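Read through the structure below, which is laid out as C-alpha cells, and then see the notes.
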Amino acid sequence: MSIDLYSWEYRPPLLNAPLIRRVKKRSVPNFGDEIGPMVVRALLQERGIHYESPANAAQRLFSVGSVMHFVKSGDHVWGTGINAKRPMTLVDMTGVTVHAVRGPKTAELLKTLGISVRPIYGDPGMLIKHVPELKSAIAPRKTRRVSLIPNFNDLARYRSHPDLISPLQPPRDIVEKISQSELVIGSSLHAMVFADALGVPSRLISSSHEHPFKYEDYYLGSGRQPQRVAETPEEAIKLGGGDPLDFDEEPLVGALPYELFDGCSASDEAASQQNGELNDQ
C-alpha cells in the first residue's frame with residue numbers, strides 16, 4: 001500500500017498586484033504544520049517500521065493541523081482537527097477512515113455529517129518527545145522569562161515585541177526556546193501544545209484571525225476545559241499559565257494505523273532475509 005504523510009504548507013501573501021498574484025507563492029515552514037510527519041515517523045520507528053514517503057502515493061494520512069477540509073476519498077485521519085473557517089459541508093468525506101481526531105468538537109461536527117468517529121482524542125503534537133531530534137533540543141535550564149509565539153496570521157501584530165518568537169522557525173528551534181521559557185504566551189495553537197508537552201506553563205492570547213473552535217477543541221481533547229483567553233500579552237503574563245497537561249497518550253498512540261505501513265516493514269524483512277540467503281551462498 002502506498003501512503004503519504006500529509007503536511008500543509010503556509011504560503012505567505014505577496015504584494016497586492018495583479019501580476020504578482022499570478023506568481024506561485026513560495027512556501028514557508030510553519031512549525032505546527034511540520035511536526036505531523038515527524039511524529040508519525042518516530043512512532044513507526046519505535047515499532048521497527050522504516051518509512052519513506054512515496055513519490056506518488058495513492059492515499060494520505062492526515063495528522064497534525066486544522067486541515068480536515070483537505071481530505072479526499074481513501075485518506076486516513078489521525079488526530080486532525082476541523083478549521084471552523086472552512087465549512088465541512090463542502091467536503092466529501094466518502095471513503096475517509098477516521099482513527100482519531102483532535103477533540104470532541106471536531107468529533108461532534110463530523111458525526112452530524114454522518115461520519116463514524118472513535119472516541120479517541122488528542123493533538124499528535126503532544127507526542128513530540130517521541131521524536132529524537134526534538135527531544136534532544138530540550139534545554140537543560142530556563143533562560144527566558146516569557147516567550148510570545150503568535151499564529152503566523154497574527155505575526156505582524158507583534159513584530160516589535162521584545163519576547164517574540166516567530167512561528168516560522170523550524171520545530172527544533174521552537175522546542176529549544178519553549179523549553180528555555182518560564183511562560184509561553186501567544187495565539188499559536190501549537191505553541192500551547194508544545195508547551196504542554198514540555199511541561200511549560202502557557203496562556204493563550206486571542207487571535208485576530210483564528211476561530212476559537214480549534215483552541216477549544218484541543219483543550220477539551222486533552223481532558224481540560226478551554227483556557228481563559230487573554231486579550232494582550234500583558235494580560236497573558238498577569239494571568240500566568242493555565243491547567244497543566246495530564247494526558248494518557250496510549251489511546252492516541254495506539255490509534256495510529258500502523259497496519260497501513262505493514263508493507264514497509266515487510267519489505268525491510270524480506271530484504272534482510274534475501275541478504276541473509278545471499279550471504280549463506
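The values are calculated or read from the model by the stated rules, or taken from the named source; none is laboratory data. These numbers come from a predicted model, not from an experiment. Glycine gets a Cβ as well: all are built from the backbone with ideal geometry, and neighbour counts include every protein chain shown.
Looking at (1) surrounded by 21 or more Cβ atoms within 10 Å (Cβ to Cβ); (2) out of contact with any Phe, Trp or Tyr (no Cβ under 7 Å at 6 or more places or on another chain); (3) at pLDDT 85 or above; (4) not charged (D, E, K, R), which one does Ser73 not meet, given that it meets all the others?
(1)
Of the numbered conditions (1) touching a residue at least 60 places away in the same chain (Cβ under 8 Å); (2) over 23 Å from Ser187 (Cα atoms); (3) of a type in the set (Asp, Glu), Asp92 satisfies every one except a single condition; which is it?
(1)
In segment 134-156, what count of residues is obtained for those that are under 20 Å from the mean Cα position of the chain (by Cα) and of a type in the set (Ser, Thr, Tyr)? Before you say what the answer is, go through the steps one by one.
As a first pass, look at segment 134-156 and keep what is under 20 Å from the mean Cα position of the chain (by Cα): 134-138, 147-155.
Now narrow it down to the ones that are of a type in the set (Ser, Thr, Tyr): 136, 147.
Matching residues across segment 134-156 total 2.
Looking at segment 154-178, I want the residues that are more than 18 Å from Leu204 (Cβ to Cβ) and have a partner that is modelled with pLDDT of 95 or more and assigned to a loop (DSSP other than H, G, I, E, B) with Cβ atoms under 7 Å, at least 6 apart or on another chain. Which pairs are those?
Arg172/Ala137; Val175/Ala137; Val175/Ile138; Glu176/Ala137; Glu176/Ala139
Can you tell me which of Pro257, Pro226, Pro251 is at pLDDT 95 or above, closer than 24 Å to Val64 by Cα and in contact with a His (Cβ under 9 Å, 6 or more places away or on another chain)?
On the way: Pro226 fails: in contact with a His (Cβ under 9 Å, 6 or more places away or on another chain); Pro251 fails: in contact with a His (Cβ under 9 Å, 6 or more places away or on another chain).
Unique residue meeting the criteria: Pro257.
Residue by residue through segment 125-143, note down the ones that are among the hydrophobic types (A, V, I, L, M, F, W, C) and either in contact with a Ser or Thr (Cβ under 6 Å, 6 or more places away or on another chain) or outside any helix (DSSP H, G or I) (or both).
Val131, Ala137, Ile138, Ala139 - these are the residues of segment 125-143 that are among the hydrophobic types (A, V, I, L, M, F, W, C) and either in contact with a Ser or Thr (Cβ under 6 Å, 6 or more places away or on another chain) or outside any helix (DSSP H, G or I) (or both).
Just to be sure I understand the filter: pairs with C-beta atoms under 9 Å, separated by 6 or more residues or on different chains, first member in segment 245-272 and closer than 30 Å to Val200 by Cβ, second member at pLDDT 95 or above and among the polar types (S, T, N, Q). Which pairs pass?
Close Cβ pairs satisfying both conditions: Leu245/Ser222; Asp246/Ser222; Phe247/Ser222; Leu256/Ser63.
If I ask for residues that are of a type in the set (A, V, I, L, M, F, W, C), within 16 Å of Ser187 (Cα to Cα) and buried (at least 17 other Cβ atoms within 10 Å of the Cβ), which ones from segment 165-177 would you list? Before the answer, list the steps.
Our first condition is that a residue be of a type in the set (A, V, I, L, M, F, W, C); within segment 165-177, this holds for 165, 168, 174-175.
Subset that is within 16 Å of Ser187 (Cα to Cα): 165, 168, 174.
Within segment 165-177, Ile165, Ile174 meet the criteria.
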